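> One structure, as structure tokens, below. Some questions next.
The values are calculated or read from the model by the stated rules, or taken from the named source; none is laboratory data. Source: prediction; values computed, not measured. Methodologically, a virtual Cβ is constructed for each residue, glycine included, from the backbone with ideal geometry; neighbour enumeration extends over all protein chains shown. These area figures cover heavy atoms from the full protein model, side chains too; ligands, DNA and RNA do not enter into them. Shrake-Rupley method; radii C 1.70, N 1.55, O 1.52, S 1.80 Å.
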Amino acid sequence: MIPIIPIPKKYTEYQASPVSLPLLAEAAPEWAAELTVLKELFAQIHSVPLQDGAGSISLCTDPALKPASYVLEVQTDICLYASDREGMLYGLATLLQLVQVSDDTLSAPALRIEDYPDKEFRAFMFDPGFAVQPFRLLRKYVDLCFLYKVNYLHVHFVDNSFYTLPSKAFPELPSKGRHYSYEELAQFNAYAASRGIKVIPEFECPGHASLLNKRYRDVFGCHFEGENGEFYNELGEKYSSDALLCAGSEKAFDGVKRLLREIVEMFPDAPYIHIGGDEAQHELWANCADCQAYMKEHGITSTKELYGEYMGRVASYVLSLGKTP
């Protein structure tokens with residue numbers, strides 16, 4: 001079994017000794033950016049640079065290959081073929097896992113690999129809130145996704161106790177000492193794009209909203225009639241009203257829209273915006289005067305129906321911004 005994760009679709013091992021080559025790499029002009037990625041990661045992994053030159057690693061175009069596929073041929077030298085950028089990047093990930101370096105010499109087993117992904121969507125999620133993730137680690141997660149051919153990096157930026165994004169609309173919202181800057185996020189986006197990784201930012205609503213209510217209750221909070229803002233669900237578990245956004249207030253919904261606009265501006269290349277929706281104790285809206293008034297005005301007969309209508313409104317707004325919820 002060759003040491004490649006995930007295992008390639010098809011590979012043929014030649015009956016020959018490993019190929020030993022100088023630390024050189026070249027590329028057709030259309031693969032100049034991908035050659036840069038190869039050099040950067042090669043230097044990180046092996047602590048030695050790849051130099052420009054022929055006779056070792058060559059990045060080549062084969063228009064006959066289908067999108068996202070690649071062929072890696074290792075015989076007297078190493079030739080990587082693809083017809084598009086996605087396939088070339090996946091081939092580079094395989095190449096980086098395959099080659100070894102010793103005494104300034106590159107070596108790899110003699111073989112031929114033909115490979116392509118089974119699924120178009122392959123995602124990894126990390127959470128920079130519950131465990132603080134310094135900015136330097138964001139690039140590490142991108143590189144891990146690249147090496148294992150995961151093409152979406154889902155970032156859980158927002159939850160009850162943290163907001164790790166900057167905000168001009170609500171400047172008291174970002175968690176002090178734990179949020180990323182606009183400059184860092186721009187660098188993160190560019191770094192991910194260079195490796196073919198699509199970022200999915202996550203914003204939580206209508207649940208997981210304790211921090212929004214704590215910092216801007218006058219904007220996002222419900223007007224509850226319960227004692228001390230504490231209620232109990234059908235299992236008898238105590239649930240704080242702080243964790244729920246108001247679904248009946250136009251002011252609250254406008255606040256959500258402003259935050260979503262900011263996120264879209266911070267992640268212009270993101271095809272998706274994750275909008276949460278989980279663990280929202282919608283039954284509490286039965287105790288909110290604004291939610292009850294909204295339900296009556298729109299002919300909504302239950303808080304469960306209001307929950308569905310609310311998520312529909314959020315999803316529609318994300319679509320209006322040119323993103324998929």
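> Looking only at segment 92-109, count how many residues are open to solvent by less than 10 Å² (accessible area, probe 1.4 Å) and either among the acidic types (Asp, Glu) or not in a helix (DSSP H, G or I) (or both).
3
> What about Leu35, is it under 23 Å from Arg139 (Cβ atoms) and at pLDDT 95 or above?
Numbers: under 23 Å from Arg139 (Cβ atoms): yes; at pLDDT 95 or above: yes.
Yes; evaluated as a whole, the condition is true for this residue.
> Consider Ala82 carefully, then state whether it is hydrophobic (A, V, I, L, M, F, W, C), at positive phi and touching a helix residue (DSSP H, G or I) at 6+ places or on another chain (Cβ under 7 Å). Working first, answer last.
Values: hydrophobic (A, V, I, L, M, F, W, C): yes; at positive phi: no; touching a helix residue (DSSP H, G or I) at 6+ places or on another chain (Cβ under 7 Å): yes.
Here the answer is no, as Ala82 does not meet what is asked.
> Can you name every residue in segment 77-90 that is more than 18 Å from Gly55 (Cα to Cα) and of a type outside the set (A, V, I, L, M, F, W, C)?
Ser83, Asp84, Arg85, Glu86, Gly87, Tyr90
> Can you tell me how many residues in segment 5-28 are within 24 Å of Gly55 (Cα to Cα) and part of a loop (DSSP other than H, G, I, E, B)? Steps first, answer last, please.
From segment 5-28, those within 24 Å of Gly55 (Cα to Cα) are 11-28; that's our starting set.
Filter once more, so that each one left must be part of a loop (DSSP other than H, G, I, E, B): 14-18, 22-23, 28.
Looking only at that region, the number is 8.
> One residue is enough: does segment 76-87 have a residue meeting the conditions open to solvent by less than 10 Å² (accessible area, probe 1.4 Å), in contact (Cβ under 8 Å) with a residue 24 or more places away in the chain and over 23 Å from Glu30 (Cα atoms)?
no
> Looking at segment 8-24, which of its residues are over 22 Å from Ser102 (Cβ atoms) and surrounded by 12 or more Cβ atoms within 10 Å (Cβ to Cβ)?
The answer is Pro8, Lys9, Tyr11.
> Among the residues of segment 110-154 satisfying the criterion of being open to solvent by 50 Å² or more (accessible area, probe 1.4 Å) and touching a helix residue (DSSP H, G or I) at 6+ places or on another chain (Cβ under 8 Å), which is farthest from Lys39 (Cα to Cα)? Please lay out each step first, then the result.
Let us first name the residues in segment 110-154 that are open to solvent by 50 Å² or more (accessible area, probe 1.4 Å), namely 112, 114, 116, 118-121, 123-125, 130-132, 134, 136, 139-140, 144, 148.
When the remaining residues are screened for being touching a helix residue (DSSP H, G or I) at 6+ places or on another chain (Cβ under 8 Å), the result is 116, 124, 139, 148.
Working: Tyr116: 23, Phe124: 24, Arg139: 16, Tyr148: 18 Å.
Selected residue: Phe124.
> Also, quick follow-up: Determine whether Phe124 is modelled with pLDDT of 95 or more, within 30 Å of Ser161 (Cβ to Cβ) and not polar (S, T, N, Q). Give the steps one after another, and end with the answer.
Details: modelled with pLDDT of 95 or more: yes; within 30 Å of Ser161 (Cβ to Cβ): yes; not polar (S, T, N, Q): yes.
Answer is yes for this residue.
> Which residue pairs have Cβ atoms under 6 Å apart, sit 6 or more places apart or on different chains, and have a first residue in segment 289-300 that is within 10 Å of Ser249 (Cα to Cα) and a second that is assigned to a helix (DSSP H, G or I)?
Listed by first residue and then by second, the contacts come to Cys291/Trp285.
> Please tell me if Pro201 is modelled with pLDDT of 95 or more and in a strand (DSSP E or B).
Details: modelled with pLDDT of 95 or more: yes; in a strand (DSSP E or B): yes.
Yes; evaluated as a whole, the condition is true for this residue.
> Across segment 25-52, which residue is nearest to the chain's Cα centre (by Cα) among those that are charged (D, E, K, R) and open to solvent by 60 Å² or more (accessible area, probe 1.4 Å)?
Taking segment 25-52 as the starting set, the residues that turn out to be charged (D, E, K, R) are 26, 30, 34, 39-40, 52.
Subsequent filtering for residues that are open to solvent by 60 Å² or more (accessible area, probe 1.4 Å) retains 26, 30, 40, 52.
Details: Glu26: 31, Glu30: 27, Glu40: 21, Asp52: 32 Å.
Filtering segment 25-52 for residues that are charged (D, E, K, R) and open to solvent by 60 Å² or more (accessible area, probe 1.4 Å), the one nearest to the chain's Cα centre (by Cα) comes out as Glu40.
> Search segment 53-70 for residues being of a type outside the set (Gly, Ala, Ser) and either open to solvent by less than 10 Å² (accessible area, probe 1.4 Å) or in contact with a Leu (Cβ under 6 Å, 6 or more places away or on another chain) (or both), and hand back the single one that is nearest to Lys149 (Cα to Cα). First the steps, then the outcome.
First pass over segment 53-70, keeping only residues of a type outside the set (Gly, Ala, Ser): 57, 59-63, 65-67, 70.
Applying the additional criterion that residues be either open to solvent by less than 10 Å² (accessible area, probe 1.4 Å) or in contact with a Leu (Cβ under 6 Å, 6 or more places away or on another chain) (or both) yields 57, 59, 70.
Details: Ile57: 20, Leu59: 18, Tyr70: 13 Å.
Filtering first and then ranking leaves Tyr70.
> Continuing with the same structure: Inspect segment 155-172 for any residue being in contact (Cβ under 8 Å) with a residue 24 or more places away in the chain, in a helix (DSSP H, G or I), open to solvent by 10 Å² or more (accessible area, probe 1.4 Å) and within 17 Å of Arg261 (Cα to Cα) and give the result as yes or no.
No: zero hits.
> I'd like the full set of residues that are closer than 27 Å to Val264 by Cβ and more than 24 Å from the chain's Cα centre (by Cα), limited to segment 296-316.
Start the filter on segment 296-316 by keeping residues that are closer than 27 Å to Val264 by Cβ, which leaves 298, 306-316.
Scanning segment 296-316 gives His298, Leu306, Tyr307, Gly308, Glu309, Tyr310.
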